[in-house]
Amino acid sequence: MRFSLIMSEVAHGLRRNVSMVISVVLVTFISLTFVGAAILLQAQIGQMKGYWYDRAQVAVYFCTASSDLKNCNSTEATAAQKAAVKAQLASAALAPLVKRVEFESHDQAFERYKTQFADSQFANFVSPEFLNEAYWVNLKNPLQADVLRESLGSLPGVEEVKDQRKYLDPIFSALNAASVTAISIASLMLVAAALLIATTIRLSAFSRRRELGIMRLVGASNRFIQTPFILEGVISALVGSVLAAGAVVAIVRFFVQGFLGSTIQTGTSLIGMTDALLVAPVLLLIGAVLAAASAGVAINRYLKV
Amino acid sequence: MIRFDQVTKLYSGNARPALNSVSLEILKGEFVFLVGASGSGKSSFLRLVLKEERPSSGHIHVLGQELARLANRKVPYFRRNLGVVFQDFRLLPQKSVFANVAFTLQVTGRSKGFIQEAVPDVLKMVGLAGKASRLPHELSGGEQQRVAIARAIVNRPAILLADEPTGNLDPLTSAGIMTLLERISASGTTVIMATHDAGIVDQMQRRVIELVSGQIVRDERQGGYQTQAIPVQAFQTAGTFIPPFAGTDAEISAGARASTPDPNEGVSR
């Protein structure tokens, strides 16, 4: 009885306020889509970090006859120098940090170079002795690359100690900037959404002020008076949230997986549907809580005794 | 039933109180007229009983509860024991007579079965048995006020507050409404009616409480709108104020009469 009465009040209110309800739906839709995009970007950054940091190695390049950097003086690194580096890597100080070490000779480097640049004509001009011999080091914790650089960088015969992670940092900072932008737009829009919901509910209450006055006079409980208005706000915001969740899922499905997945072809480092499906309920929750809170504040004015 | 204890009500931005140190007691089943000029504090009195306003000082007890101690969320449940009728009826224009009366019961969570039984009963009691499906604008003023009364008493309240219920009605229709209120009173409901209608007050010969500028100047059993007897109260210690009517006819000075028009007129609404 009471439930059906409340629901009919809600339906009545939504119908009477159609244009305001539509604007609430649209504003929550857009703002929550931004929130979802920001969350997805963060997830993407995390995913890429996990994927690439695991694979990123530290390269200890040895001098070649053609390199004239500080330690080298255009002389090839000697076997003794290479042995010193190897010993250092196996020492008590570094061994616990290192997961795996591989040596790459001139010829191996040349093979890799040829496959990497197979399409390019550079491969024809390069000969094995131009390419550095190197130790490729996988660290247990990629963040400790600096330790390696400090302890190996100044050894004789070592041209450079290079942390591959450094190549990824600009990408991550770009993604981070994008997600910060999305979050700031989203929070502005959420403020707008909250105010719009409050205004809508206040309008709805104003158009029903006669009923409200009589309800208060005859002793309808505050909760009974509040509930239809709060539901009105929550329902319209939830419609927007559902649209936003749909948009987020569609973005992942068609843009990330479909477009990016086929162009970049490193599918493993991209976020997938599971991430999108995790974000969707978060958006619904944000929408519902936001609407309930702002509608509750808005209607409270009409309940003051 | 209702007890006011040194109650003063000040509205912000107005130095003169709407009610000034009012003390009174109204017992169960009494029929009380509240008379006085506009702005004398009648409506403020009713609003205080309903806990629509808080007194600036003093204590109000209604139905055994001290209103200041009544939590806000319990006010709705308290109000279910009170019925209220206004001069302007305050019916919902788009709802039928039946729906208007049923609305009270619906929003207080009564069952459909109860509503189906109680509403026709009360409509019959106020004399609108055949008009349950009419809309308010299809009824005369007197009939609309009957609907409002039906709405106020359908919950069987202990107290019925009526704020100038006959103010918009012609004398004959008013008499009908008064008969109805008398019948409600006879069934044990305490009725408090604020009114300007001298004829009704004189005819009914019930308890009359007269307010002037927020003070009780007369509280008389079986009184008329204007009294011939000398009222019991001897108060008003402060200042130059001379309560009008506080004396024999001969003593009423022209000055006291002239002071009656009230600068606060309409403030209490």
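See the values below:
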{"read-out": "Subset of segment B:35-49 [crowded, with 19+ Cβ neighbours inside 10 Å and touching a Ser or Thr at 6+ places or on another chain (Cβ under 7 Å)]", "value": "B:Val35, B:Gly39, B:Ser40, B:Gly41, B:Ser43, B:Ser44"}
{"read-out": "Residue count, segment B:155-201 (criterion: free of Cβ contacts under 8 Å to residues at least 60 places away in the same chain, farther than 23 Å from B:Ser44 by Cβ and of a type outside the set (Gly, Ala, Ser))", "value": "12"}
{"read-out": "Residue in segment B:179-200 that is small (Gly, Ala, Ser), farther than 16 Å from B:Val32 by Cα and assigned to a loop (DSSP other than H, G, I, E, B) present", "value": "no"}
{"read-out": "Given (1) within 14 Å of chain A (Cβ to nearest Cβ); (2) over 26 Å from A:Ser207 (Cβ atoms); (3) at pLDDT 95 or above, index of the condition B:Leu123 fails", "value": "(1)"}
{"read-out": "Tally of residues being facing another protein chain (nearest Cβ under 10 Å) and polar (S, T, N, Q) across segment B:42-97", "value": "3"}
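Conditions (1) at pLDDT 80 or above; (2) in a helix (DSSP H, G or I); (3) buried (at least 17 other Cβ atoms within 10 Å of the Cβ), marked per residue:
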residue: A:Trp136; (1), (2), (3): yes, no, no
residue: A:Val161; (1), (2), (3): yes, no, yes
residue: A:Asp169; (1), (2), (3): yes, yes, no
residue: A:Ser173; (1), (2), (3): yes, yes, no
residue: A:Ala177; (1), (2), (3): yes, yes, no
residue: A:Leu188; (1), (2), (3): yes, yes, no
residue: A:Ser204; (1), (2), (3): yes, yes, yes
residue: A:Leu212; (1), (2), (3): yes, yes, yes
residue: A:Thr227; (1), (2), (3): yes, yes, yes
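For every residue, the table says whether it meets (1) of a type in the set (D, E, K, R); (2) more than 20 Å from the chain's Cα centre (by Cα); (3) farther than 24 Å from A:Leu41 by Cα.
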site: A:Arg209; (1), (2), (3): yes, yes, yes
site: A:Val234; (1), (2), (3): no, yes, yes
site: A:Leu243; (1), (2), (3): no, yes, no
site: A:Val249; (1), (2), (3): no, no, no
site: A:Val252; (1), (2), (3): no, no, no
site: A:Gly258; (1), (2), (3): no, no, no
site: A:Ala280; (1), (2), (3): no, no, no
site: A:Leu283; (1), (2), (3): no, no, no
site: A:Ala288; (1), (2), (3): no, yes, no
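Matching residues to (1) free of Cβ contacts under 8 Å to residues at least 24 places away in the same chain; (2) within 14 Å of chain B (Cβ to nearest Cβ); (3) out of contact with any helix residue (DSSP H, G or I) (no Cβ under 6 Å at 6 or more places or on another chain); (4) of a type in the set (S, T, N, Q):
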residue	(1), (2), (3), (4)
A:Pro156	no, no, no, no
A:Ala182	no, no, no, no
A:Ser204	no, no, no, yes
A:Ser207	no, yes, yes, yes
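The values are calculated or read from the model by the stated rules, or taken from the named source; none is laboratory data. Note that the structure is a prediction, hence the values are computed from the model and not measured. Every residue, glycine among them, receives a Cβ derived from its backbone with ideal geometry; neighbour counts consider all protein chains shown.
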